[in-house]
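The values are calculated or read from the model by the stated rules, or taken from the named source; none is laboratory data. Only a predicted model underlies this, so the values are computations on that prediction, with no experimental measurement involved. Positions of Cβ are backbone-derived with ideal geometry, glycine not excepted, and every protein chain shown enters the neighbour counts. The accessibility values were calculated without ligands, DNA or RNA, using every heavy atom of the protein model including side chains. Shrake-Rupley method; radii C 1.70, N 1.55, O 1.52, S 1.80 Å.
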Amino acid sequence: MEIILASRSPRRLFLLQAAGLAVEVRPSHIDETPLPKESVSDTVQRLCREKAMACKAAADIPVIAADTLVAIHGKALGQPRDLAHAKEMLLQLSGHEHQVLTAVCVRLGEQILSDCVKTRVKFRHISSDEIDTYLLHNEILDKAGSYAIQGGAASFIEAIEGPLDNVIGLPVATTLHMIAQMKEAQ
């Protein structure tokens, strides 16, 4: 099946291709600034809907859009501005549980379905030196919360509850189910 991915995320592309989909990448460019007093869940859901609607596509080809944020103590951690900001985020996550929220939207023509999947992740205590080493050897500036669970940050994980692929950036089972629902409704 052919789909359009409204994202430049190589991780989302990989996950969709691994699920057997033919994917064309067409990133959507929107303002991703959170609105005042908007919850983390509301932010990711709004952003993924806006990305899906901003992507141009034929009415018979599904558009997949997603947005991922890390939430700790009700506060969103998006992508870091620089390495110093990344270290600040990782120190905040060290020894604590947080949530990874990924909202995914499937648009077919003017119809749109969306869902938000949450995964709880607990980091062990991470020393400042470990964080420095991690930042030196991993590309993290495009990662929500400054980490990639499928890379070096796997060693930081003490516990995880929920879909791992959600933490990577796309809950594949949820996405495939939404595509099937959309196709059935046609």
So for segment 60-186, using the alpha carbon gyration tensor with a ≥ b ≥ c as root eigenvalues (a/c under 1.5 gives rounded; past that, a/b versus b/c decides prolate or oblate), I'd call it prolate
Kindly provide the helix-only [θ] at 222 nm of the chain, computed as the sum of -39,500 (n - 2.57) over DSSP H runs of four or more divided by all residues, to the nearest 500 deg cm²/dmol?
-10500 deg cm²/dmol
Candidates per trypsin sites (Lys or Arg not before Pro) in segment 1-67, loop by DSSP, up to 16 other Cβ within 10 Å:
ARG8, LYS37, LYS56
Got a sec? Charge dipole of segment 102-179, +1 on Cβ for Lys and Arg, -1 for Asp and Glu; which of LEU136, ILE112, GLY151 is way out at the positive end?
ILE112
Please give the net charge around CYS55, taking every other residue with its beta carbon less than 9 angstrom from that of CYS55, where Lys and Arg add +1 and Asp and Glu add -1.
+4
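Given +1 on the Cβ of Lys and Arg, -1 on the Cβ of Asp and Glu, and no further charges, what dipole in debye does the chain carry about its Cα centre, rounded to the nearest 20? Don't skip to the end; give the middle numbers.
On the way: 19 positive and 23 negative charges, 37 e Å.
The calculated dipole for the chain is roughly 180 debye.
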Obtain the nm distance between the two label points defined at ILE157 and LYS56 by a simple spin-label model: each point lies 7 Å from its Cα along the Cα-to-C-beta direction.
4.0 nm
Enter the accessible area of CYS48 (Å², nearest 10), with the probe set to 1.4 Å and all protein chains included.
0 Å²
Contour minus end-to-end for GLU2 and LYS122, with contour as 0.36 nm per residue of separation and end-to-end as the Cα-Cα distance?
39.6 nm
Can you pull the percent of segment 55-97's accessible area that's carbon plus sulfur, 1.4 Å probe, other chains left in place?
53 percent
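What does the accessible area per residue of segment 16-155 come to in Å², with a 1.4 Å probe and no ligands, DNA or RNA counted? Could you put the intermediate results ahead of the total?
Numbers: 6840 Å² over 140 residues.
That works out to 49 Å² per residue.
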How many angstrom lie between the C-alpha centres of segment 32-83 and segment 156-174?
17 Å
List the lysines whose Cα sits under 24 Å from the Cα of LYS75, skipping any in the same chain fewer than 8 residues away.
LYS37, LYS51, LYS87, LYS118, LYS122, LYS143
